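Everything on this sheet refers to the single structure shown next.
Just so you know, all these numbers are worked out from the coordinates, no wet-lab data involved. None of the values given here were measured: they were computed from a predicted structure. All Cβ positions, even for glycine, are placed from backbone atoms using ideal geometry, and neighbour counts span all protein chains on display.
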Amino acid sequence: MTLLARLEKQKLTNAENSLKSGKDLVQLKRDPYDEIKSKIHKKVIEELKENGKDSEKNPGSESIAAKIEEMVLDIIKKENDNIPRLDQLRIAKEISDDAIAFGPITSLLDDPDITEIMVNGPDDIYIERKGKIELTGIFFRNNNHVMHIIEKIVAPLGRRIDESSPMVDARLPDGSRVNAIIPPLSLKGPAITIRKFFKDPLTIDNLIEFGTLTPQVGHFLEACVKGRLNIIVSGGTGSGKTTTLNILSGFIPDNERIVTIEDAAEIQLRQRHVITLESRPPNIEGKGAVTIRDLVRNSLRMRPDRIVVGEVRSGEALDMLQAMNTGHDGSLTTGHSNSPRDMLARLETMVLMAGMELPVKAIREQIASAINLIIHQSRMKDGSRKITHITEVQGMEGEIITLQDVFVFKQEGIDEEGKIKGKFAATGIRPKFLSNLEAYGINLPFETFDPSLF
């Protein structure tokens, strides 16, 4: 880690400690060098343009960052040599971050322990670390400063944000998910929410290490993906659905053609034969939108072995179910819900959103025949994420879809440190779809479903 990077990290730590010790936040926000920074920033941008090296063409370039920091220190030395050396280094780092990175939040993006960044206007920046939300001492200069960073994020993706289109979904170069919303919809000023991704995609071993599941459950899920079961990962916001979907997708054999469909490309597949599709919002005239539903329908003409949809949230659920029912076995998707049973109810609602006047029984029959397994994930009170239910969709009894839990997480209390205590357990029921797995040469031992071994 460079001196400037360590300095920035120390600055964040000091700011957080100040907040925790009860110091006045207003004092923390006052930077005596704001005016100087503004002047130097303008000079740096002008000099970069004169040299024909516009920094925004090379975001994240270490050579340009070093050059900018050197330029800033030279300017300070000529015009304000009385500024302490540590403050000079801080100013150089902040101006460099503004010019080629993402401004004040750059240090947060670089911190591997931070999983989410929430900018609630220029003065309130929160982070999520180890499942807990914390207020930082970092701030933007004003609303325009926040807007500049938002535009920097969305412009390379061909997206826009303004009063006529005040909301946008985007992604950072590392795949992290970004949502931004601006006035007049956001009354406190421009707001940014960034869901960070691990630089190296997680594996099933990482989930076992985190306590999200056990080795037996992991082996079972791997068998289900390789056995081409249709799977939905359900759960609440921030429960880790996309991470689990990423890991499940990693079990798809390399010789299969995979088509991924998302609003903002997040799924990080390592297989070679992958086609990544991304929806498109309407242009300034309100035309040209390409929805997830359009992409699902188009994917059926692309000869996919597997279709992976980042999230179903409206009418595309109908097309997804039809794909699962017409030979595209092994499809994967996620959806928001509070339980496996709620996921089925949400699917019914989403199918009706497609505008088709279908009887409820017909919709349920489609769901029951299309989906084999629901993996439900929850974020616990201590901030940890756990797979709480792995549930088989067994079929229909009358007009009701029958579900059967195969594995469940049983909470047993909370320890002295506030951590959730509990264990995974098999219900002892062997799923009906085991014959499907056997057709692909996958034979799970009886012990996999023995409750006494958990």
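A compact table of results
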{"item": "Efficiency of FRET between Ser369 and Tyr126 - r from beta-carbon atoms, R0 41 angstrom, step 0.05", "result": "0.40"}
{"item": "Average projected area [Cα convex hull, segment 326-454], square nanometres", "result": "10.0 nm²"}
{"item": "Acute angle (nearest 10 degrees) that the helix 85-100 long axis makes with the longest principal axis of the chain, alpha-carbon atoms", "result": "50 degrees"}
{"item": "Low-density loop positions, GluC sites (Glu not before Pro), segment 148-233 - DSSP coil, at most 12 other Cβ in 10 Å", "result": "Glu163"}
{"item": "Footprinting exposure proxy for Thr291, Thr237 (fewest neighbouring C-beta atoms within 10 Å first)", "result": "Thr237, Thr291"}
{"item": "Sparse-neighbourhood loop sites, trypsin sites (Lys or Arg not before Pro) in segment 365-454 - DSSP loop, at most 15 other Cβ within 10 angstrom", "result": "Lys381, Lys419, Lys432"}
{"item": "Base-10 log of normalised Debye intensity for segment 104-199 (one unit scatterer per alpha-carbon) at q = 0.10, 0.17 Å⁻¹", "result": "-0.23, -0.70"}
{"item": "Degrees between helix 215-226 axis and first principal axis of the chain (Cα, 0 to 90, nearest 10)", "result": "80 degrees"}
{"item": "Degrees, to the nearest 10: 340-352 long Cα axis against longest axis of the chain", "result": "80 degrees"}
{"item": "Contact order normalised by residue count of segment 104-199, Cα under 8 Å, 6+ apart, percent", "result": "28 percent"}
{"item": "For the chain, share of DSSP beta bridges that run antiparallel, in % to the nearest 5", "result": "70 percent"}
{"item": "Global size of segment 204-453 as Cα Rg and Dmax, reported in angstrom", "result": "18.1, 63"}
{"item": "Span from the segment 310-333 Cα centroid across to the segment 341-399 one, whole angstrom", "result": "12 Å"}
{"item": "Computed label-point distance, nm, for sites Ile284 and Leu358 using a 7 Å Cα→Cβ extension", "result": "4.0 nm"}
{"item": "Ellipsoid semi-axes in whole angstrom, largest first, where each is sqrt(5λ) of the Cα gyration tensor of segment 324-379", "result": "19, 16, 10"}
{"item": "Trypsin sites (Lys or Arg not before Pro) lying in DSSP loop within segment 268-300, provided at most 16 other Cβ fall within 10 Å", "result": "Arg270, Arg272, Lys287"}
{"item": "Cα-centred dipole magnitude for the chain, charges only on beta-carbon of K, R (+1) and D, E (-1), debye, nearest 20", "result": "80 debye"}
{"item": "At q = 0.20 Å⁻¹, base-10 log of I(q)/I(0) for segment 165-244 (Debye sum, equal scatterers on each alpha carbon)", "result": "-1.00"}
{"item": "Cα centroid of segment 143-206 to Cα centroid of segment 409-454, whole Å", "result": "38 Å"}
{"item": "Cα pair count fraction exceeding 13 Å, expressed as % - segment 63-110", "result": "54 percent"}
{"item": "Entries of Lys37/Lys78; Lys37/Lys196; Lys130/Lys419; Lys130/Lys196 with Cα pairs more than 19 Å apart", "result": "Lys37/Lys196"}
{"item": "Gain upon complete extension [Arg430, Asp113; 0.36 nm per residue less C-alpha separation]", "result": "110.2 nm"}
{"item": "Taking the chain and dividing mean pair separation by its residue count, relative contact order in percent (alpha carbons under 8 Å, at least six apart)", "result": "10 percent"}
{"item": "Residue order, fewest to most surrounding Cβ atoms within 10 angstrom, among Met118, Met350", "result": "Met118, Met350"}
{"item": "Amide H within-cut-off set for Met396, under 5 Å, with H built and near neighbours excluded", "result": "Thr402"}
{"item": "Three principal axis lengths of the chain [C-alpha, angstrom, descending]", "result": "80, 57, 41"}
{"item": "Relative packing of 190-201, 436-447, which averages over residues the other C-beta atoms within 10 Å, highest first", "result": "190-201, 436-447"}
